[in-house]
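Below is one structure; the comments refer to it alone.
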Amino acid sequence: MNPNLCSVIIPARNESENLPVTITALASALTENKIQYEIIVVNDVDGDGDPKTRQVMNELKEKFQQIVYLPNEKANHGFGRAIQLGLNTFTGASASIFMADGSDSPQDLVNHFKKIQEGYDCVFGSRFMKGGKIVDYPKNKLLVNRIANTFLAVLFFTPYGDFTNAFKTYSRRAVEGIRPFLSPHFSITIELPLKAVARGYSYVIIPNSWYGKKSRISNLRMARMASRYLYIALVIFLERLLVSSDYRKK
């Protein structure tokens, strides 16, 4: 492990158009701040299912030597499984989850890594605290977001209110301490930070920006996601309530 290396995990699915812009901006910000880095792109659909992403990544690897390309070749795919593959592979002192579509800010990631170097186990960005920023967040999704995050904050007695945002940074010690991972899908966005909080890992909350695309999410999809999020939240809550001493940070 390189204690000065910043590992960035980018789960990707049909993101061939966004990856060049996202990776170039990310590499530029890290280089300007003299931060050693590796960018791990996990393609959740590989082979004949996504030849464009494979081609784009081959071109980017020629331009940036710090890129690691990981096709998820398993039969089962999913956002959570892609992140798990990245967490099982990174070689740096910390791992940051960064979205391929450019919704996260490279400068925010720089700020995250600096906080990790101060000694925190986790860095949680918040789009809704003072200094945070959201652009083009769908109104129906925003309402559900605030209800869900308020519920989680109350359930786990924490001031943090943006668990559902995937963009977070974890030290290697925290990553190892919050295993095993359960979520194969987007519910991993709350599994990782909730386990870190429940198991006693230190964290700092800082503002971050989010730039989205206006998109429609069907009621059926939102209901399916909500049930998965609720399942993960209750599993971790019961762990803390009944067997917390088995998993607490030593």
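The values are calculated or read from the model by the stated rules, or taken from the named source; none is laboratory data. Just so we're clear, the structure is a prediction, and the values are computed from it rather than from any experiment. Here Cβ is always computed from backbone atoms with ideal geometry, including for glycine, and neighbour counts include all displayed protein chains. Heavy atoms of the whole protein, side chains included, go into the accessibility calculation; ligands, DNA and RNA do not. Shrake-Rupley method; radii C 1.70, N 1.55, O 1.52, S 1.80 Å.
Observations
- Checking the Cα-Cα distances for 141/168; 114/168; 115/168; 34/250 against a 22 Å cut-off, the pairs over it are 34/250.
- Here the sum of -39500 (n - 2.57) over DSSP H runs of 4 or more residues, divided by the residues of the chain, equals -14500 deg cm²/dmol at 222 nm, to the nearest 500.
- Prolate/oblate/rounded label for the stretch 1-145 (Cα gyration tensor, a/c 1.5): oblate
- Label zone at residue 135 (point 7 Å along Cα-to-Cβ), backbone N below 18 Å, the stretch 167-210: 167, 207-210
- Computed label-point distance, nm, for sites residue 91 and residue 176 using a 7 Å Cα→Cβ extension: 1.8
- Between residue 4 and residue 185, the simple spin-label model (points 7 angstrom out along Cα→Cβ) gives 4.4 nm.
- Student exercise, the chain dipole from Lys, Arg, Asp, Glu Cβ charges, in Debye to nearest 20: 820
- The separation of the stretch 184-204 from the stretch 7-73, counted between C-alpha centres, amounts to 25 Å.
- Atom-type composition of the exposed protein surface of the chain places 54 percent of the accessible area on carbon and sulfur (1.4 angstrom probe).
- Here the 3J(HN,Hα) profile of the stretch 60-71, calculated from phi with Karplus coefficients 6.51, -1.76 and 1.60 at θ = phi - 60°, is 5, 5, 6, 8, 10, 6, 7, 8, 10, 9, 10, x Hz, Gly and Pro shown as x.
- Surface accessible to a 1.4 Å probe, per residue, for the residues of the chain, Å²: 48
- Cα gyration tensor category, rounded, prolate or oblate, for the chain with a/c compared to 1.5: rounded
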